[in-house]
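The values are calculated or read from the model by the stated rules, or taken from the named source; none is laboratory data. Nothing here was measured: the structure is a model prediction, and the numbers come from that model. All Cβ positions, even for glycine, are placed from backbone atoms using ideal geometry, and neighbour counts span all protein chains on display. When the accessible area is computed, the model is the full protein with side chains, heavy atoms only, and any ligands, DNA or RNA have been set aside. Shrake-Rupley method; radii C 1.70, N 1.55, O 1.52, S 1.80 Å.
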Amino acid sequence: GKKEYDLLVIGGGSGGLACAKEAAQFGRKVAVLDYVEPSPQGTKWGLGGTCVNVGCIPKKLMHQAALLGSALKDARHYGWSIAQPVHHTWSVMAQAVQNYVKSLNWGHRVQLQDKKVKYFNMKGSFSDPYTIRGLTKAGKETTVTAENIVIATGGRPKYPTHIAGALEYGITSDDLFWLKESPGKTPLIYYSFILHLYEIVVYISLTDASQDVSLECAGFLTGIGLDTTVMMRSIPLRGFDQQYFFSPTEQQMASLVTEHMESYGTKFLKRCFPTKVEKLESNRLQVTWKNTNLGTEESESFDTVMWAVGRAPDTGTLNLEAIGVKTNSETGKIIVDASEATSVPHIYAVGDITEGRPELTPTAIAAGKLLAQRLFGQSSELMDYDNVPTTVFTPLEYGCVGLSEEAAVQRYGSDNIEVYHAYYKPLEFTVAERDATQCYMKMVCLREREQRILGLHFIGPNAGEVIQGFALGIKCGATYPQLMKTIGIHPTCAEEITKLHITKRSGLDATVTGC
């Protein structure tokens, strides 16, 4: 029989909301079903998904708080008299950030109402391929049917449950941004890292997204004055550019990020992994770990332990197997084709939950809109996932677009690749006497014909703003000669990209340039 809705979206995050709103523009009857399962520590939030509530937005705002702290240190060099010591109050920052996030939650609900999109605050599961059973927090059940269904439930942080005390005493990024009081000394742990905050320790795993989050959190926690340690079992930022610059003795691109963080005050425990977390009588948490380099067992106490060991797709309650939606058995993510279609013809998936897609808000939004246009607007345009720019908001930001050097070599062969690179010193760093050792840029090009630019990597202030502009040119097929004809804006860091001329192949050192 006739279904209640033309489109039902399960998941109220970036991709799901974008798809629902776009579909409503075509006059279709649309509904969104969204429910946030509280974290193991009881943290919950409103409509908007990971980016709005526990991702991009609060992270960038807290990154800004840390940058302001650094600016205060620079200010005296520029003639400002600032009383010392400067103190940061977590609760003031957290309240301001959380208030802004709540305003976004409300804004999304208003937009859905304005576009006549029905919103169900319910946990959904498939009863059959066209029917969703929704369950409210109070246990009330509702059944919803739709001709087309889009799954956009995203992911949630994993816990290393094999480590004693991990679930009972640790937090994740789901909790950090909603803490009312300072986390204190914290370790950030990621199968590659531990992070202390006043004493915070963060442990990081081997997935790209979790490593970004761990380093970004460690960076802003250090920046606001908390004693932060990152425990790494492996290499930093796996999946980004790891290629050596011009000799095996040089640091890797990603390593420059952590090298700067160490000089900035973040502590790193490398080649270590935790074995247990225990609560002491003082209420502090004692973390025990193994140092694989030394073959020793070590321990230290912290106020907070944060895990960043990867994310898992939030599909547990959807009942996908029963309706035939195929997933990757290793990752749990939904397998989709180029049109975001799953193995069931009228069921689609967008965003972090899909296999092989970048876990980025802008790609989820674009994919969701394009899907709605194909379903209801007679469009045939597919999402293009090539040359998607991104930035890691560490104290010294790392932005990139296109291929890493390794990926370019793998795809085209080392003899067909030309790499231009340089260190540089931002003008702002000069008067403030700041170290610019890790400010570096690298451009990966094809050697043949006009040297099309395959990738651009930039470490420095405002990397996101710099890369966003160049991303357009690279998306349009920009070449190295075209870039060299581009007049830079003086004196900016972005200008230095237009002056890249030293190649790795030449064997010459990447000279330091400056505005």
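Residues in segment 2-53 that are in contact with a Ser or Thr (Cβ under 9 Å, 6 or more places away or on another chain) and on the phi > 0 side of the Ramachandran plot: 11, 48, 49.
One residue stands out in segment 254-281 among those that are assigned to a helix (DSSP H, G or I) and free of Cβ contacts under 8 Å to residues at least 24 places away in the same chain: the one that is farthest from residue 221 (Cα to Cα), namely 255. Of all residues in segment 409-431, those that are closer than 15 Å to residue 505 by Cβ have Cβ atoms under 7 Å from Cβ atoms of residues that are surrounded by fewer than 17 Cβ atoms within 10 Å (Cβ to Cβ) and acidic (Asp, Glu), 6 or more apart or on another chain, in 416/448. Taking every residue in segment 125-144 that is closer than 11 Å to residue 319 by Cβ and of a type in the set (A, V, I, L, M, F, W, C) and pairing it with any residue that is in a strand (DSSP E or B) and open to solvent by 80 Å² or more (accessible area, probe 1.4 Å), at least 6 positions away or on another chain, the pairs with Cβ-Cβ distances below 9 Å are 126/133. Checking each residue of segment 318-333 against the condition of being at positive phi and in a helix (DSSP H, G or I) gives no match.
Taking residues in segment 82-96 that are over 26 Å from residue 177 (Cβ atoms), and partners anywhere that are surrounded by 11 or more Cβ atoms within 10 Å (Cβ to Cβ), the pairs with Cβ atoms closer than 8 Å and at least 6 places apart or on different chains are 82/72; 82/75; 82/76. Could you say whether any residue in segment 442-453 is in contact with a helix residue (DSSP H, G or I) (Cβ under 8 Å, 6 or more places away or on another chain), free of Cβ contacts under 8 Å to residues at least 12 places away in the same chain and not hydrophobic (A, V, I, L, M, F, W, C)? So far as segment 442-453 goes, no, none of its residues is in contact with a helix residue (DSSP H, G or I) (Cβ under 8 Å, 6 or more places away or on another chain), free of Cβ contacts under 8 Å to residues at least 12 places away in the same chain and not hydrophobic (A, V, I, L, M, F, W, C).
Of the set (1) among the hydrophobic types (A, V, I, L, M, F, W, C); (2) surrounded by 22 or more Cβ atoms within 10 Å (Cβ to Cβ); (3) not assigned by the TED database to the domain that holds residue 227, all apply to residue 323 but (2). If you go through segment 377-394 and pick out every residue that is of a type outside the set (A, V, I, L, M, F, W, C) and surrounded by 14 or more Cβ atoms within 10 Å (Cβ to Cβ), you end up with 7. Residue 318 - would you say it is at pLDDT 95 or above and in the same structural domain as residue 39 (by the TED database)? Against the criterion (at pLDDT 95 or above and in the same structural domain as residue 39 (by the TED database)), residue 318 qualifies.
Among residues of segment 46-72 being open to solvent by 40 Å² or more (accessible area, probe 1.4 Å) and in contact (Cβ under 8 Å) with a residue 60 or more places away in the chain, the one that is farthest from residue 215 (Cα to Cα) is 50.
Return yes or no: is residue 406 farther than 30 Å from residue 337 by Cβ and not assigned by the TED database to the domain that holds residue 218? No: the conditions fail for residue 406.
Only a single item in (1) in a loop (DSSP other than H, G, I, E, B); (2) open to solvent by less than 20 Å² (accessible area, probe 1.4 Å); (3) not β-branched (Val, Ile, Thr) is not met by residue 81, and it is number (2). Among the residues making up segment 418-435, those that are aliphatic (A, V, I, L, M) and modelled with pLDDT under 95 are 419, 422. Taking the stated definitions as given, is residue 53 assigned to a helix (DSSP H, G or I), more than 23 Å from residue 359 (Cα to Cα) and either of a type outside the set (Lys, Arg) or within 19 Å of the chain's Cα centre (by Cα) (or both)? No; evaluated as a whole, the condition is false for this residue. Scanning segment 444-470 for residues that are under 19 Å from residue 385 (Cα atoms) and surrounded by 20 or more Cβ atoms within 10 Å (Cβ to Cβ) returns 444, 453, 454, 455, 456, 457, 467, 470.
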